[in-house]
Ligand code: TXA
Ligand code: MG
């Protein structure tokens, strides 16, 4: 155990805020049982109070004490995918109070795999409420430098853990209302989940509110647009030097800010947010994003790109 991790656990215990790496994105953590710590977390994030946060634990056993019912599907998913990039929405126990669930009767729980997150959670011993460590609605951080740029001054400590492995937020499955529903696609795909627990339902109007479901979220400041490959050339010709491009193909000489992305969906996800941040920093009038393929393995990337485009 490093001194920094020990310090992090002490800060959490005293009601402070710690930014920490997970395998998905960096989180901004607070003691999930402490109302004033969570209130400060919401105010730093500028997050509306009725939006629930995910609570993080060092083990499935601890995580399940925050639920009053643990369905068979939760046990299977925990066995197959925890620790890892998966969040389960479960009917809450009395430990999950309104200030973490946004007043809903369900709580989001996750056991992250990143060794620094795990050590911190183990040392702390309780649940840590942690949204992504960026201001509400903006692109999630995948390096400690992103966290410092976004809200470093407002955290009591930022733990350094390098670039995150997955690069996009955890897959969220709602098990709180009968048939399992995929609320947010991620690195663990619908196919992976269905192999473990059978068919998943789609989102319905009655599904729990979750901020990742808002239309414009994970968005750069520069207006971004997805364009099919065959229209990319025409759009570049129209916008020329005022445009930044995220694409699979080689840079076009007419464009100063061009980032080339991998053709593998997981490699793409890992680079996505850092790339959007870089292009956002170019100060162009628009970001053009070459649309990724329609195959199922691109579902999570497509979801984030659609949100980035508003
Ligand atoms: O990978 C991740 O999930 C990262 C890392 C830090 O763990 N966290 C993250 O948190 O993405 P955040 O707050 O940016 O997004 C969490 C999503 C939100 O859309 C939130 O509203 C939803 O999970 N959520 C949390 N608790 C919920 C609940 N009780 N019911 C429905 N949705 C919930
Ligand atoms: Mg977020």
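Read the figures in this text as sums done on the coordinates, not as results from a lab. The structure presented is a predicted model; accordingly, all values stated were derived computationally and were not measured.
For the chain, what is the mean residue ellipticity at 222 nm derived from helices alone (per DSSP H run of n ≥ 4: -39500 (n - 2.57); sum divided by total residues; nearest 500 deg cm²/dmol)?
Values: 11 runs with 104 residues, N = 310.
Rounded to the nearest 500, the figure is -9500 deg cm²/dmol.
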In degrees, nearest 10, range 0 to 90: what is the angle between the Cα axis of helix 265-280 and the longest Cα principal axis of the chain? 70 degrees
Select from 264, 150, 280 the residue whose mean-square fluctuation is largest in a Gaussian network model of the chain (Cα-Cα springs shorter than 10 Å). 264
Equivalent ellipsoid semi-axes for region 64-118, as square roots of 5 times the alpha carbon gyration tensor eigenvalues: give them largest first, rounded to whole Å. 20, 14, 8
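Please compute one quarter of the surface area of the Cα convex hull for region 222-262 and express it in square nanometres.
Values: hull surface 11.4 nm².
Taking a quarter of the hull surface, the average projection is 2.9 nm².
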Mean projection area, nm², convex hull over Cα of region 1-115: 6.9 nm²
Region 248-310 versus region 21-56: alpha-carbon centroid distance in Å: 28 Å
Stokes-Einstein diffusion coefficient for region 111-184 at 25 °C in a medium of 0.890 mPa s, Rh from the Kirkwood formula over Cα pairs: what value in µm²/s? 172 µm²/s
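If I take all pairs of Cα atoms in region 249-296, what percentage of them are more than 12 Å from each other? Could you put the intermediate results ahead of the total?
Details: 763 of 1128 pairs.
It works out to 68 percent of all Cα pairs.
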Could you work out how far helix 35-45 tilts from the main Cα principal axis of the chain, as a 0 to 90 degree angle to the nearest 10? 0 degrees
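Counting DSSP beta bridges with both partners in the chain, what percentage is antiparallel, nearest 5?
Numbers: 16 of 38 bridges.
Of all bridge pairs located within the chain, approximately 40 percent are antiparallel.
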Compute from the Cα atoms of region 47-198 the Rg and the Dmax, the latter being the longest Cα-Cα distance, and quote both in angstrom. 15.1, 45
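Regarding region 1-69, what whole-number volume in Å³ per residue does the convex hull of its Cα atoms give?
Numbers: hull volume 8.2 nm³, N = 69.
Hull volume normalised by residue count: 119 Å³.
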Just from the alpha-carbon atoms, what are the Rg and Dmax of the chain in angstroms? 19.3, 60
